[in-house]
1. May I ask for the angle, rounded to the nearest 10°, between helix 25-37 and the longest principal axis of the chain, with both axes built from Cα atoms and the value confined to 0 to 90°?
2. For the range 6-55, report the translational diffusion coefficient in µm²/s to the nearest whole number, using Stokes-Einstein at 10 °C, 1.306 mPa s, and a Kirkwood Rh over Cα pairs.
3. Using Cα atoms only, what is the angle between the long axis of helix 3-13 and the major principal axis of the chain, expressed in degrees (0 to 90) to the nearest 10?
Amino acid sequence: MTTPLFLLRCVQLGLSISELDLLTIGMVNDMFAESRNDEYKGYHEIATQADMDRW
C-alpha cells in the first residue's frame, strides 16, 4: 500500500490526523474492509440472541 492510498482510505473513513496516532495501518485496513462489508445486501438473516444461545 502506498502512502497516498493509505491517506485516501483514512479520508474515506473520516479519520483525523490525531486519530491516526491511536491506530495502526492494519487497523485502518480492517476498518476500511469492514466499512465495505456494511454495504453488502446479500445477508439474508441476522442472528438473534436465541440463535447465539443455541450455538
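1. Approximately 50 degrees, to the nearest ten.
2. On the way: Rh = 13.1 Å.
The diffusion coefficient I find is 121 µm²/s.
3. With both axes taken from Cα atoms, the answer is about 50 degrees.
Read-outs throughout are calculated quantities, based only on the coordinates presented, and are distinct from any laboratory measurement. Predicted, not measured: the structure shown is a model, and the values here were computed from it.
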